[in-house]
Amino acid sequence: MTAPLHDTVPAETADADVAARVAKDAVEGRSLGRIAWTRLKRDKLAVAGGVVVLSLILVAIFAPLITSLVGQEPNEYHQDLIDPLFGTPTGSLGGISSDHLLGVEPVNGRDVFARIVYGARISLLVGFLSAMVAVVLGTVLGILAGYFGGWLDALISRTMDMLLAFPQLLFIISLIAVMPNKLLGLEGTGVRLLVMILVIGFFGWPYIGRIVRGQTLSLREREYVEAARSLGAGRRYILFKELLPNLIAPITVYTTLMIPTNILTEAALSFLGAGVKPPTASWGQMLNTAVRYYQEDPMYMVVPGVAIFITVLAFNLFGDGVRDALDPKGTR
């Protein structure tokens, strides 16, 4: 008994469908995005770092909601939890309890968990925005120096060398000391944040500028750039339509590695007293206060220190993973 005619598929048609699917999968498998995502997923440390980074961002965004859920505010005093003689928290481990998950501060009794959560806002805000300033300046000036060369390249390169040798911490400290309390509609902590973001970003652009310049020097001689030039494409088109898209990978990688450095810089400035003003919460400022009580209340130094350590480690692990994922020919 023969099979119905409509159930019979010619062998040639079946082979052609299989070949088409295989060819489609092969083309999709070679795309940069798929290769990068596959490599990134295989790197467990990078994935863990990315999860921590995403969690920190969500904590910073929803800080008021998180602190309200635990029933604490960053500037709420609890003098009843402080030993009146020594000024240290009563109880063990810095006053850790079900109401105060990470204990309370010495002297004033403010909740450490709430201040850690709000401190994440300051660290991530400075880290991300200063990195954006550095990326914009470094990308624009680096691509101009690499593409045009000549006197413009020499001028930008010497400017990079000068800024790389400049002591930015000392400059920020001295600049904040002479800045007015009100500037551009901001005052107090807002002025200090603006100064930190702009100065850290300004002194950070030479690092990414040198990378972009070096990549541009090699990319400007590629065939597709020569083809665009021969077809009459203008300089702006070549810079931002041909060269810039091919610089996204190194720019992305260096941005993820620049953010933790900026977070450490903000913590150092706050530790030295040149960061945000009290009572605004800052991890570096908490470490500064903890120095006076580390013998009586070591937990108050451990908590912000661990917060900085985990944040920087997570960004570095994620940045290393992104670097490996966007470089399919590289090896760890």
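The values are calculated or read from the model by the stated rules, or taken from the named source; none is laboratory data. In this text the structure is predicted, and so the values were computed from the model without any measurement. With ideal geometry, Cβ positions are generated from the backbone for all residues, glycine too; neighbour counts draw on all protein chains shown. Only protein heavy atoms, including side chains, enter the accessible area calculation; ligands, DNA and RNA are left aside. Shrake-Rupley method; radii C 1.70, N 1.55, O 1.52, S 1.80 Å.
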Task: Where Rh is the Kirkwood radius over Cα pairs, Rg/Rh for segment 184-268 - done: 1.16
Open item on the list: Rounding to the nearest 10 and keeping the result within 0 to 90°, find how far the Cα-based axis of helix 299-325 lies from the longest principal axis of the chain.
Closed with: 10 degrees
TODO: In a Gaussian network model over the chain where Cα atoms closer than 10 Å are linked, find which of Val135, Val306, Val178 has the largest mean-square fluctuation.
DONE: Val178
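Ratio of Rg to Rh for segment 37-185, alpha carbon only, Kirkwood?
Here Rg/Rh amounts to 1.14.
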Task: Calculated from backbone phi, Karplus (6.51, -1.76, 1.60) coupling profile of segment 76-89 in Hz, x at Gly/Pro - done: 8, 8, 10, 5, 5, 9, 10, 5, x, 7, 9, x, 10, x
Task: Evaluated over segment 190-332, the Cα radius of gyration and Dmax, each in Å - done: 21.0, 74
- [ ] Rounded to the nearest 10 degrees, what's the angle between the helix 11-29 long axis and the longest principal axis of the chain, both from Cα atoms, 0 to 90?
- [x] 40 degrees
- [ ] Please build a GNM for the chain, connecting alpha carbons under 10 Å apart, and tell me which residue among Gly142, Gly234, Gly49 fluctuates the most.
- [x] Gly234
Task: From the coordinates shown, Rg and Dmax of the Cα atoms in Å corresponds to which of (i) 26.8, 101; (ii) 23.1, 95; (iii) 18.8, 56 - done: (i)
- [ ] Can you list which of the chymotrypsin sites (Phe, Trp or Tyr not before Pro) found in segment 85-188 are DSSP loop residues with at most 13 other C-beta atoms within 10 Å?
- [x] Phe86
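Just how large is the dipole of the chain about the Cα centre, in debye to the nearest 20, putting +1 at every Lys and Arg Cβ and -1 at every Asp and Glu Cβ?
On the way: 27 positive and 27 negative charges, 230 e Å.
Rounded to the nearest 20 debye, it is 1100 debye.
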TODO: Roll a 1.4 Å probe over the protein heavy atoms and report the accessible area of Lys41 in Å², nearest 10.
DONE: 100 Å²
- [ ] For the chain, find the longest principal axis of its Cα atoms and tell me its angle to the long axis of helix 189-219, 0 to 90°, nearest 10.
- [x] 30 degrees
